[in-house]
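Read the structure below first, then the notes.
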Amino acid sequence: MFIVNVLAACDRLPDMGVTNRRTSISTVGWVPGIDRLAEYEKPIGLALSLHAPNDGLRSQLMPVNDRYPLSEVLAACDRYRAKRRRKVFVEYVMLDGVNDHPEHARELAKLLDPRIYKINLIPYNPTDSVYDGSSRNAIDAFRAALEEHGLRATVRLTRGRDIDAACGQLAAKAG
């Protein structure tokens, strides 16, 4: 039902001046939703929150991976790409010492086809979490390793940190 409501909202966005081509739906890898989006008639983009290059680490960070492992999620993304002819954006939050090692970048590069995926590296915003954000040097080295293997990667700008309003911080403060 959730995907039905999300797509219904997408139907209304052009009435508010937001074109479908500039709209993306982000998912943690809910395969039925990805498949449903692939069949949707409007040109909505797909963003996948990945955060790890293998099932073991991804399950540790994102328990949904136990239900929909990487192979199933990436197969759904491949189906989306084949049907929609649009790249899939991969969101990858950079966690210091957790998922930011050079071997993680190489593993990710082997996993993702550069014709299908574009990666957004997201500096982790500090919260009262067990995680710390990766250093700028670690993020730059990770990006360089991906690009050496032909994957295009950008580093997302961070805004709102100075007032504890960056992505993830508001949710952490609300609890």
Single match in 113, 128 (criterion: closer than 23 Å to residue 31 by Cβ and out of contact with any strand residue (DSSP E or B) (no Cβ under 8 Å at 6 or more places or on another chain)): 113
Test: residue 146 is in contact with a strand residue (DSSP E or B) (Cβ under 7 Å, 6 or more places away or on another chain) and at pLDDT below 95: no
message: Out of everything in region 73-102 that is assigned to a loop (DSSP other than H, G, I, E, B) and touching a strand residue (DSSP E or B) at 6+ places or on another chain (Cβ under 8 Å), what residue ends up being nearest to residue 143 (Cα to Cα)?
response: 100
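A quick yes/no check of all residues on (1) touching a Pro at 6+ places or on another chain (Cβ under 6 Å); (2) touching a residue at least 40 places away in the same chain (Cβ under 8 Å); (3) surrounded by fewer than 21 Cβ atoms within 10 Å (Cβ to Cβ):
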| site | (1), (2), (3) |
| --- | --- |
| 61 | no, no, yes |
| 65 | no, no, no |
| 69 | no, no, yes |
| 78 | no, no, yes |
| 81 | no, no, yes |
| 84 | no, yes, yes |
| 89 | no, yes, yes |
| 92 | no, yes, no |
| 99 | no, yes, no |
- prompt: Is it the case that residue 6 is assigned to a loop (DSSP other than H, G, I, E, B) and surrounded by fewer than 20 Cβ atoms within 10 Å (Cβ to Cβ)?
  reply: no
message: Of all residues being under 18 Å from the mean Cα position of the chain (by Cα) and of a type in the set (S, T, N, Q) in region 93-136, which is farthest from residue 147 (Cα to Cα)? Just the residue, please.
response: 125
message: Checking the structure you have, find out if any residue of region 24-42 is part of a loop (DSSP other than H, G, I, E, B), in contact with a helix residue (DSSP H, G or I) (Cβ under 9 Å, 6 or more places away or on another chain), among the hydroxyl-bearing types (Ser, Thr, Tyr) and in contact (Cβ under 8 Å) with a residue 12 or more places away in the chain.
response: yes
- request: Note down all Cβ pairs under 7 Å where the first residue falls in region 131-148 and is within 10 Å of residue 121 (Cβ to Cβ), the second is in a helix (DSSP H, G or I) and not aromatic (Phe, Trp, Tyr), and they're at least six residues apart or on different chains.
  value: 142/105; 146/105; 146/108; 146/109
query: Between residues in region 43-59 that are in contact (Cβ under 8 Å) with a residue 40 or more places away in the chain and part of a helix (DSSP H, G or I) and residues that are β-branched (Val, Ile, Thr) and buried (at least 19 other Cβ atoms within 10 Å of the Cβ), which pairs lie under 9 Å by C-beta distance while being six or more apart or on different chains?
result: 57/98
message: Need the failing condition index for residue 137 against (1) surrounded by 13 or more Cβ atoms within 10 Å (Cβ to Cβ); (2) farther than 30 Å from residue 21 by Cα; (3) modelled with pLDDT of 95 or more; (4) not charged (D, E, K, R), just the number.
response: (1)
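The values are calculated or read from the model by the stated rules, or taken from the named source; none is laboratory data. Remember, predicted model here, so these are calculated numbers, not experimental data. Quick reminder, even Gly has a Cβ in these numbers, built from the backbone with ideal geometry, and neighbours come from all protein chains shown.
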